[in-house]
Amino acid sequence: MKKLLTLVLAGSVLLSACTPNFGDQDEVIQTEENSAEQAIIPKYNISDDYYKMILPFAPGQARGLVAKNLNTRLDIDEFETGLMRIAKDIFPPENDQYLYQEGQYIDRSTISSWLSRKLEGEDLKAAEEKAEQGNSTFQNAGLNPPALTEGTAKERNEQSPIYLAHILEHNYLVKKNENTVELGGVVIGLALNSTHYYRQEDDYARQVDISPEKLREEGEKMAAEVVKRARSMDGLENIPIVVALYQTAEKSSIVPGHFIAKAEAKAGSSDLGRWDNIDEEYHFFPSPEATSAYRDDAAKFERFKGDIDEYFPNYTGVIGKAYYRGGQLETLKVDIPMQFYGKAEVIAFTQYVSGKIMEHFPDYISLEVNISSTAGQESLIVRNPGQEKPTVHIYQ
């Protein structure tokens, strides 16, 4: 359903008694068909890296479905935040050019039907008969390949795995003029399984690894169909639609998956045109994979870890999660769990780590160090790109 938002500056406007008070904010009158309701644009933003969001928060039509369909919490978080990161290149959040809202168009039941297998033969006939008995029409909308009936479980699953794990929709609202805000763009993420899990006749869990080339091929086909279907939805006929392909990690992975490609269908078009590669990846330090891929960065981390080992013997490990874009390290998050015996130890150790950060890591990366004990978080060290000295917080 198409939504139109009329913006009124709230400096001299009193909110009605039934509207939550969000403080000194912009007020929005949201018109849906013939009814009107108030919505809010926050005046302040915590960072230019994030979009402002329309308040009260409007949950997505498929809220909670991502947690059911993706294997790990790491993939859940990265799939959503990474989709916002991709959106910023096309729908910039700076100066409130675009505002964020969870997907309001592709609902839960639609996504569930699209994630299913396409039915054929007896399975299709049975589904159609069941729908007819309920006085409805069966929509054979599954985007995943039909299940094979011939061969062993291993042969069937290797030849016809589940490629598409989840679909996520984000809406981006744009200020049309001083008094109007409307839908300006949609970003749709397709989460693709790098590994297909199944059970064999003996009920033991098995898996099939899907090659990146095959995953990309199937993902592009599905993306074209998703855009075609989205164009038939009320309100999305003439809106730019961006589709991004996300490759999930294995269940046992200690880092999330990553986006591999994106394409845009211009307003009014169902053609995604050229696909652009997304060169990003995550690595865990220390690990053989990280050392093989980025030997210099791995060596820096090892020297940093070695200094901590030498200074404080009661440690349980130093680990890091690194985000690379275009082959360059952009973000490093380090966790240091320790055994402390007093607040003075926490302060001294945090000071020491802060110095080692400046010594070992370049100032062009975003760096975060979390120091914790069995009692919880003890201190936080953050250094943003270009920042001369890190920001340090000691938890009381």
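Mind telling me which of Asn193, Asn135, Asn144 comes out most flexible in a GNM of the chain, alpha-carbon contacts under 10 Å?
Most flexible of the set in this elastic network: Asn135.
Bin width 10 Å, origin at 0, all Cα-Cα pairs of the chain: what percent of pairs per bin?
4, 18, 24, 23, 18, 9, 2, 0
Using label points projected 7 Å from each Cα along Cα→Cβ, tell me how many nm separate Tyr50 and Ala141, to one decimal.
3.3 nm
Could you check the simple spin-label distance between Glu225 and Arg206, using points 7 Å along Cα→Cβ, in nm with one decimal?
Each label point is offset 7 Å from its Cα along the Cβ direction, giving 2.5 nm.
Over 22 Å between C-alpha atoms is what I'm after, so list which of Lys300/Lys389; Lys262/Lys300; Lys251/Lys321; Lys154/Lys251; Lys43/Lys176; Lys176/Lys266 land there.
Pairs exceeding the cut-off: Lys262/Lys300.
Count neighbours as other Cβ atoms within 10 Å of each site's Cβ, and list the GluC sites (Glu not before Pro) in the stretch 295-358 that are DSSP loop with at most 16 such neighbours.
In loop regions of the stretch 295-358 (DSSP not H, G, I, E or B), there are no sparsely surrounded GluC sites (Glu not before Pro).
Gap in Å between the Cα centre of the stretch 88-109 and the Cα centre of the stretch 286-356?
With the stretch 286-356 and the stretch 88-109 each reduced to a Cα centre, they are spaced 35 Å.
Could you tell me which trypsin sites (Lys or Arg not before Pro) in the stretch 185-281 are loop residues by DSSP with no more than 13 other beta carbons within 10 angstrom of their beta carbon?
Lys251, Lys266, Arg274
Only the coordinates and a few stated rules stand behind these numbers; no lab work does. Remember, predicted model here, so these are calculated numbers, not experimental data. Glycine gets a Cβ as well: all are built from the backbone with ideal geometry, and neighbour counts include every protein chain shown.
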